[in-house]
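Everything below concerns the one structure shown next.
Any read-out appearing in this document is the output of simple, stated calculations on the displayed coordinates, not a laboratory observation. This structure is a prediction, so every number in the text was calculated from the model and none was measured. Backbone-built Cβ (ideal geometry, glycine too); neighbour counts: all protein chains shown.
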Amino acid sequence: MMRRSKISLNRILFPAASLEEFFKLSSDMGLNKIELRNDLPGIGIIDPYSPKQAKGLSEKYDIKILTINALQKFNLGTILPEVLAELKELIRLSVAIGCEAIVLVPNNDAIDKRDPAVMIKETVTALIAFRPFFEDSGIWGYVEPLGFEGCSLRSKVIALQAIQESGGSNYKIVHDTFHHYLGPDTADTLEHNYDISYTGLVHVSGVESDIPSNQYKDDHRILITDKDNLKNREQLELLIKLGYKGDVSFEPFAKEVQRMEIEALKAAINQSIDFVTNS
């Protein structure tokens, strides 16, 4: 099963913490990897620190910054110039703070009426446009398909094909257990139609709600327990069987997690880590 040394924490689980408090939380728990975000209300990616200070915190706590989440609507052609400008800024910051990758999130909007073929074409076009910036900087672009029915890129297989068509060498794919559960890819699909070497990161979270799965939203995503509906352990076991050796990042969006007192949060995180690391 997964080793604890491969576990990362996504800042979404403790958005009230300062950047240094989040580094310290990870360090106190014996973890050495985190993900940053650009979508926390009232908080910048490294706010209020300078890039030099943020990199200093990373070194002080011996914590690796895996990603910045995320470049949104990356494959929506009508806003490609604006997205490209944002990407350049994210890459500049990533280089300065020692961040390894930027997560690329596809357009997720029920009113997106583009033909599926156009969605794929614009995904490839964006990846081609981004390619020199990732390759020149050495930063990775992690494409993250979303399982929501209204999303323009739901399948890891389609994402893989788009990456290959783009010719980019600095792209990988995020396997999110929540989105995989909701999306079209099956275990058989991953075994026979997907190349696991393209998986750069795994996001994990749990859902215990008894509502129909097509009603699952980010707000339902909690830390994983043995009541999990998403079959996280089974998903991780399959990925490892296929050869995945990378990192696993906890990404629960639920307010009930975000509002936990620190000691309760630590206990819940440890419980989740134990659940996914013990076979």
From 68, 12, which residue is crowded, with 20+ Cβ neighbours inside 10 Å, touching a Lys or Arg at 6+ places or on another chain (Cβ under 8 Å), without any contact (Cβ under 8 Å) to a residue 40 or more places away in the chain and within 30 Å of residue 127 (Cα to Cα)? 68
Using the structure shown, decide if residue 216 is surrounded by 14 or more Cβ atoms within 10 Å (Cβ to Cβ), under 20 Å from residue 13 (Cα atoms) and not aliphatic (A, V, I, L, M). yes
Tally the residues that are under 21 Å from the mean Cα position of the chain (by Cα) and within 24 Å of residue 199 (Cβ to Cβ), restricting the search to the stretch 98-118. 11
Over the stretch 149-194, the set of residues surrounded by 24 or more Cβ atoms within 10 Å (Cβ to Cβ), closer than 21 Å to residue 224 by Cα and in contact with a helix residue (DSSP H, G or I) (Cβ under 7 Å, 6 or more places away or on another chain) is 175, 177, 180
Could you please let me know if residue 38 is of a type in the set (S, T, N, Q) and touching a helix residue (DSSP H, G or I) at 6+ places or on another chain (Cβ under 9 Å)? yes
Considering only the stretch 53-99, state which residues are over 14 Å from residue 33 (Cβ atoms) and among the aromatic types (Phe, Trp, Tyr). 74
Close pairs (9 angstrom Cβ cut-off, 6 or more residues apart or separate chains): more than 9 Å from residue 230 (Cβ to Cβ) in the stretch 195-209, of a type in the set (Phe, Trp, Tyr) and not in a strand (DSSP E or B) anywhere: 196/244; 197/244; 199/244; 202/244; 203/178; 209/216
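For (1) surrounded by 15 or more Cβ atoms within 10 Å (Cβ to Cβ); (2) among the aliphatic types (A, V, I, L, M); (3) without any contact (Cβ under 8 Å) to a residue 24 or more places away in the chain, each residue gets a yes or a no:
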site	(1), (2), (3)
61	yes, no, no
77	yes, no, no
86	yes, no, yes
92	no, no, yes
99	yes, no, no
102	yes, yes, no
106	yes, no, no
119	yes, yes, no
Could you list all residues from the stretch 12-55 that are basic (Lys, Arg) and within 21 Å of residue 247 (Cα to Cα)? 24, 33, 37, 55
